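Take a look at the structure set out below.
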Amino acid sequence: MDNKKLVIVGGGAAGFFCAIQAKENNPSMEVVLLEKQNKVLQKVKVSGGGRCNVTHAVEDIPHLLKHYPRGKNFLKKVFYQFGPEETIAWFAQNGVTLHTESDGRMFPTTNSSQTIIDCLLNRAERLGVQVKLSSAVTAVQKNDSGFILTVNHNEVKADYLCVACGGYPKSLQFDWLRKIGHTIIEPVPSLFTFNIKGNKDLKALMGVSLEQATIRIQSTKVNDIGPLLITHWGLSGPCVLKLSAWQARTLYDLNYEFSIFVNWINQTEHELREEWNTIRNDMGSQSFSKNPFGLPKRLWLYLIEVVGIREGKKWSELASREQNKLIAILVGQPFDVQGKTTFKEEFVTCGGIDLKEVNPKTMESRVVPSLYFAGEVLDIDGVTGGFNFQNAWSTAAVAAGLWA
Ligand SMILES: Cc1cc2nc3c(=O)[nH]c(=O)nc-3n(C[C@H](O)[C@H](O)[C@H](O)COP(=O)(O)OP(=O)(O)OC[C@H]3O[C@@H](n4cnc5c(N)ncnc54)[C@H](O)[C@@H]3O)c2cc1C
């Protein structure tokens, strides 16, 4: 593969990882990375709140795959070639150690995304990767000898092309890929929080968090369980983000207007009714300022107020009408969602290059030979926790393996 030229479109995590690995595998190949902005690795910089959640500590690949609403089957073939284990080892070999937080998220021990940026930039420079800034690719043509790219009204030739231009919730970004023959699954946002309509009361609960709550979308069996956070605009936290990711397309189709039920105690109505007498007996003559469910005090007081129960009332005085209302609200308080808000500016794109048109063993296009893809440009996205970068590292490494 000597004297051949690889051009990579996109100076993000996937583009850099691919460029570095391609050069490591084939030092004599010319590797050029084109970035449309005047800076590279911008998302890495802001990722994980400035700490960069590089990957996730997982038991094995089947567990890892459960975190991808889109791309699971495709990634299975990718991760067995290059997964979190190989990613952690690669960063360690390049001087970056990672630590694991209690929820499994892995960050550089420096807790700074700059460590990842410095690592990638230094390695790319040492290997001789040519990075060209302010170089937006606007068209691509394929001929018998390779590719001709239009970059700032100039032509750039390539023997191999790797597209790692990220995701974007506007399909315009993908026009030049469509023209070369690829199908784009319509991009829509994933990973967002829910704005609650008329959230005056909820606003007073801002900052209240639960370790576990369940949210169900009305008229569906779709629900998710996980930590929940009440914010000044509505509901957030991993439970909401996961639901937004798994239902990204459905919620887009609903124009982000739908109803949900929040189960504050993660019990079914049947389960709660079965133990209700025991609860009442245990609470006896205590007042309603005490709650037997371990809910945060502010939330509990809000719930009994919605039902119309005075804080000073005794459990033994609870009327059956109030009891039914309380049970109903505990296992499924309804809320109307109206709009979405990005979580700490973090979002990923649901949609992108149709995976049917890419070979997961090589990342080569099945439509255009010698064209490769890596990262979020593909119709792959994960929930929060380091899974999106893992997609970038893994697809990039597999693409780069081809030029070994
Ligand atoms: C605020 C925020 C925080 C995040 N935090 C995390 C986290 O901690 N952990 C995690 O796993 N994921 C996180 N994510 C998601 C993660 O950052 C992305 O999934 C990942 O960066 C995708 O990498 P990529 O290289 O495929 O795409 P990108 O990082 O988007 O890089 C693509 C690059 O291509 C360039 N480009 C696009 N079109 C062209 C063109 N035509 N010509 C030339 N260049 C072009 C773009 O300018 C960009 O620099 C976060 C996302 C955001 C927005």
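Rounded to the nearest 500, the 222 nm mean residue ellipticity of the chain from helices alone is -10000 deg cm²/dmol, with -39,500 (n - 2.57) taken per DSSP H run of at least 4 residues.
Listed by chain and number, the aspartates and glutamates whose alpha-carbon sits under 13 Å from that of Lys157, ignoring those within fewer than 8 places in the same chain, are Glu30, Asp144. Arranged from fewest to most other beta-carbon atoms within 10 Å of their beta carbon, Asp224, Asp201 become Asp201, Asp224.
The eigenvalues of the Cα gyration tensor, multiplied by 5 and square-rooted, give segment 278-404 an equivalent ellipsoid with semi-axes of 57, 14, 12 Å from largest to smallest.
Along its principal axes, segment 74-120 has C-alpha extents of 32, 26, 15 angstrom, given from the largest down.
Here the chain yields Rg over Rh of 1.08, to two decimals, using C-alpha coordinates and the Kirkwood radius. Sort out for me the Cα centre separation of segment 1-58 from segment 347-379, rounded to whole Å. That distance is 16 Å. Could you state the angle between the C-alpha long axis of helix 297-307 and the longest principal axis of the C-alpha atoms of the chain, as a value from 0 to 90 degrees rounded to the nearest 10? Approximately 60 degrees, to the nearest 10. For segment 177-188, the Karplus equation 6.51 cos²θ - 1.76 cosθ + 1.60, evaluated at θ = phi - 60°, returns couplings of 6, 5, 5, 7, x, 9, 8, 10, 6, 3, x, 9 Hz by residue, with Gly and Pro reported as x. Any idea what angle helix 13-25 forms with the longest principal axis of the chain, computed on alpha-carbon atoms, 0 to 90 degrees, nearest 10? Taking Cα atoms only, the helix is inclined about 40 degrees.
Ordering Arg216, Arg298 from the fewest to the most neighbouring beta carbons within 10 Å gives Arg298, Arg216.
Size of segment 162-273: Rg and Dmax of its alpha carbons, in Å, are 17.6, 61.
Could you give the angle, 0 to 90 degrees to the nearest 10, between helix 320-332's Cα long axis and the longest principal axis of the Cα atoms of the chain? Here the helix axis deviates by roughly 10 degrees.
Counting other Cβ atoms within 10 Å as a rough exposure proxy, the listed residues Thr214, Thr110 run Thr110, Thr214 from fewest neighbours to most.
Could you pull out the chymotrypsin sites (Phe, Trp or Tyr not before Pro) across segment 36-126 that fall in loop regions by DSSP (anything but H, G, I, E, B) with no more than 14 other Cβ atoms inside 10 Å? In loop regions of segment 36-126 (DSSP not H, G, I, E or B), the sparsely surrounded chymotrypsin sites (Phe, Trp or Tyr not before Pro) are Tyr80. Given the chain, what percent of its DSSP beta bridges are antiparallel, to the nearest 5? Among the beta bridges of the chain, antiparallel pairing accounts for roughly 75 percent. Straight Cα distances below 17 angstrom link Lys203 to the lysines Lys297, Lys340, with same-chain residues fewer than 8 positions distant left out.
Which residue fluctuates most in the GNM of the chain (Cα springs below 10 Å): Ser209, Ser370, Ser285? For the chain, modelled as a Gaussian network with Cα springs under 10 Å, the answer is Ser285.
Values quoted throughout were computed directly from the atomic coordinates according to the rules given, and no laboratory measurement underlies them. Predicted model only: the values in this text are computed from it and were never measured. Reconstructed Cβ throughout: ideal geometry from the backbone, glycine too, with neighbour counts over all protein chains shown.
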